[in-house]
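Worksheet: one structure, shown below.
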Protein chains: 2
Amino acid sequence: MTESLQIQLKKGVLEMCVLALLSRGDNYAYDIAARMAEAVGMGEGTIYPLMRRMQNEGLVTTYLRESSGGPPRKYYKLTKSGALALEAQIREWLAFEAAVQKILGDIK
Amino acid sequence: MTESLQIQLKKGVLEMCVLALLSRGDNYAYDIAARMAEAVGMGEGTIYPLMRRMQNEGLVTTYLRESSGGPPRKYYKLTKSGALALEAQIREWLAFEAAVQKILGDIK
DNA sequence: AATAATACCTTGTAAAACAAGGTACCTTGT
DNA sequence: ACAAGGTACCTTGTTTTACAAGGTATTATT
């Protein structure tokens with residue numbers, strides 16, 4: 001296997017999911033958090049440090065838009081680099097999934 | 001989804017794999033570590049605290065056997081409780097896998 | 001005016017994977 | 001006899017990071 005995949009898994013699975021969501025269209029953290037909460041039980045407090053990290057890594061850019069109700073939303077947009085990162089992480093995820101599947105084997 | 005699945009994922013994926021390995025037969029930490037290193041890149045330093053934890057949780061018991069070469073091996077054996085934990089964790093893993101797959105969706 | 005929903009963010013805590021090191025046993029080569 | 005290397009155990013310190021809990025501000029609803 002590649003190298004440090006659990007790190008990639010631990011650090012990467014949420015990041016990958018956020019990247020995947022953004023690949024379908026720009027979105028703001030509060031909504032991303034809600035979707036991730038429903039899907040995999042992520043808490044809201046997790047999203048903001050994560051988005052900050054992703055922005056620092058150049059995976060996303062941001063812009064502000066007013067909301068119909070409530071404070072302005074900070075939308076996140078995938079960069080080219082982010083799209084590439086998504087592809088790479090999907091490959092890693094699939095490899096990890098396969099490795100686990102292999103260990104689980106016939107137990108299923 | 002259930003409740004705190006990332007916690008279960010983070011804390012659980014390695015534990016699940018070790019349980020799965022042990023379900024095929026007793027084994028000792030050094031060998032488990034080697035298999036896990038090959039499969040998912042786990043480091044040796046990770047296995048001993050993990051096995052300790054699993055023993056404290058009652059998932060495994062241990063016994064010593066001499067080795068043909070080198071120091072005696074501490075074998076780990078799955079308990080009934082460990083087997084049940086394995087089943088539960090597999091169910092959680094499959095649910096998590098499905099959730100991620102759903103988020104990845106058509107990107108694949 | 002007060003409440004609730006939206007939406008942003010920060011801080012402190014806890015878990016745990018890892019790297020790096022350390023101990024000790026046994027075999028093999030010289 | 002001795003050194004080197006593989007086996008196998010374990011510990012410590014660092015870093016990462018998800019989370020809970022809280023805090024702020026805006027707008028709509030009552």
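Hey, any hits in the range B:33-53 for a residue that's in contact with a strand residue (DSSP E or B) (Cβ under 7 Å, 6 or more places away or on another chain) and not small (G, A, S)?
Pass one, the range B:33-53, residues in contact with a strand residue (DSSP E or B) (Cβ under 7 Å, 6 or more places away or on another chain): B:51.
With the extra rule that they be not small (G, A, S), the set shrinks to B:51.
Yes, the range B:33-53 contains at least one residue that is in contact with a strand residue (DSSP E or B) (Cβ under 7 Å, 6 or more places away or on another chain) and not small (G, A, S).
So is A:K80 surrounded by fewer than 12 Cβ atoms within 10 Å (Cβ to Cβ) and modelled with pLDDT of 95 or more or not? Break it down into steps so the answer makes sense when it comes.
Working: surrounded by fewer than 12 Cβ atoms within 10 Å (Cβ to Cβ): yes; modelled with pLDDT of 95 or more: yes.
In short, yes.
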Here are the criteria: (1) away from chain B (no Cβ under 12 Å); (2) under 18 Å from A:W93 (Cβ atoms). Tell me which single one A:G70 does not satisfy. (2)
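A:L21: at pLDDT below 90 and buried (at least 18 other Cβ atoms within 10 Å of the Cβ), yes or no? Talk me through it step by step, then tell me what you get.
Working: at pLDDT below 90: no; buried (at least 18 other Cβ atoms within 10 Å of the Cβ): yes.
No.
Please determine whether any residue of the range A:58-79 is of a type outside the set (A, V, I, L, M), away from DNA strand C (no atom under 12 Å from the Cβ) and within 12 Å of the chain's Cα centre (by Cα). Working first, answer last.
Restricting attention to the range A:58-79, the residues satisfying the condition of being of a type outside the set (A, V, I, L, M) are A:58, A:61-63, A:65-77, A:79.
Remaining after also requiring away from DNA strand C (no atom under 12 Å from the Cβ): A:58, A:61, A:77, A:79.
Filter once more, so that each one left must be within 12 Å of the chain's Cα centre (by Cα): none.
Scanning the range A:58-79, I find no residue that is of a type outside the set (A, V, I, L, M), away from DNA strand C (no atom under 12 Å from the Cβ) and within 12 Å of the chain's Cα centre (by Cα), so the answer is no.
Looking at the range B:27-61, which of its residues are exposed (fewer than 15 other Cβ atoms within 10 Å of the Cβ) and either facing another protein chain (nearest Cβ under 8 Å) or more than 21 Å from B:E92 (Cβ to Cβ) (or both)?
B:D31, B:A34, B:E38, B:G43, B:E44, B:G45, B:Y48, B:P49, B:R52, B:T61
The values are calculated or read from the model by the stated rules, or taken from the named source; none is laboratory data. Since this is a predicted model, take the numbers as computed values, not measurements. Cβ coordinates were reconstructed from backbone atoms using ideal geometry, including for glycine residues, and neighbour counts include every protein chain displayed.
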